[in-house]
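Right, one structure below, let's go through it.
All of the numbers you see were taken from the coordinates with simple rules; none came from a lab. Source: prediction; values computed, not measured. FYI the Cβ positions are ideal-geometry reconstructions off the backbone, even for glycines, and counts take in every protein chain you see.
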Amino acid sequence: MLERFDELTTAHVADACLRSGLPVRTVSLTAVVGGRVAGRVLPVQHMGSIDVYLEAFENAIPGDVLVVDNGGRRDEACVGDLISAEAQGAGCSGVVIWGLHRDTVDVQAIGLPLFSLGALPNGPIHLDPQPADALSKATIGEWTVTSDDLVLGDEDGLLFVPADRIEELFDLADSIMATERRQSEDIRAGRSLREQVNFGAYLTARAADPSLTFRQHLDAAKGAIEQ
């Protein structure tokens, strides 16, 4: 899956979600350790103790991405070098944190792709009871994800998609990417995007019918921009 995703970006797959009628479940997180990530969600709700991570790793499948729900807290870090190294040893392909990390230099040296909201020196300052579903779902931003989901990550952020739709989405994303590359090549060759999408005709038609949208114009012209 990572090899297939290497030819695409999260932007292409997000556009594919939109075209296929799926929710576009994206979050903007910083890539602390560079690299692309694609794998099954290994969800964890962090309650202040590392044992929940260790339990999750007991059931990890090679290629999984540890997805940590720390409620978006900014008063503590919930993942550091030890958990990053343990995740790597368990076969995980990356770590995604809805919260903060620490031990940045050591985490970068480990080299496992890691995305978070930022860094903070101190570790957990709270300890709450662990819910029964702590290892079955995680809430990241406005989205709740499970092991039925895949997570894709690159320089633009993270995207969650249903695992059973990934081939369809990759095929659509391939088509979108090919169209955008052709359009980009045409722009560099001197044919503007406005010319490619017949933008002048759209403005004329909109003047006659103010309800006409650009998307409707593109649909009629079989364009690909904004679709």
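Numbers at a glance
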item	result
Karplus (6.51, -1.76, 1.60) ³J(HN,Hα), θ = phi - 60°, over the range 10-19, in Hz, Gly and Pro reported as x	4, 4, 4, 6, 4, 4, 5, 4, 4, 5
Percent of beta bridges antiparallel (DSSP, the chain, rounded to nearest 5)	55 percent
Ordering of 136-143, 184-191, 195-202 by packing [mean C-beta count within 10 Å, highest first]	136-143, 195-202, 184-191
FRET efficiency, Arg165 to Thr204 (Cβ-Cβ, R0 35 Å, nearest 0.05)	0.35
Förster-model FRET efficiency, 35 Å R0, Phe214 and Asp6, C-beta, rounded to 0.05	0.65
About the Cα centre, charge dipole magnitude for the range 2-164 (Lys/Arg +1, Asp/Glu -1 at Cβ), debye	260 debye
Rounded FRET efficiency, nearest 0.05, which uses the C-beta distance separating Arg19 from Arg181 and R0 of 22 Å	0.80
Selection from His46, Cys78, Gly21, by position along the positive dipole direction of the range 2-122 (Cβ)	Gly21
Of Leu169, Leu117, Leu193, the one that fluctuates the most in a GNM where the chain has Cα springs shorter than 10 Å	Leu193
Structure-derived semi-axes √(5λ) of the Cα gyration tensor in Å: which label, when the choices are (1) 25, 20, 17; (2) 39, 20, 15; (3) 40, 17, 16	(3)
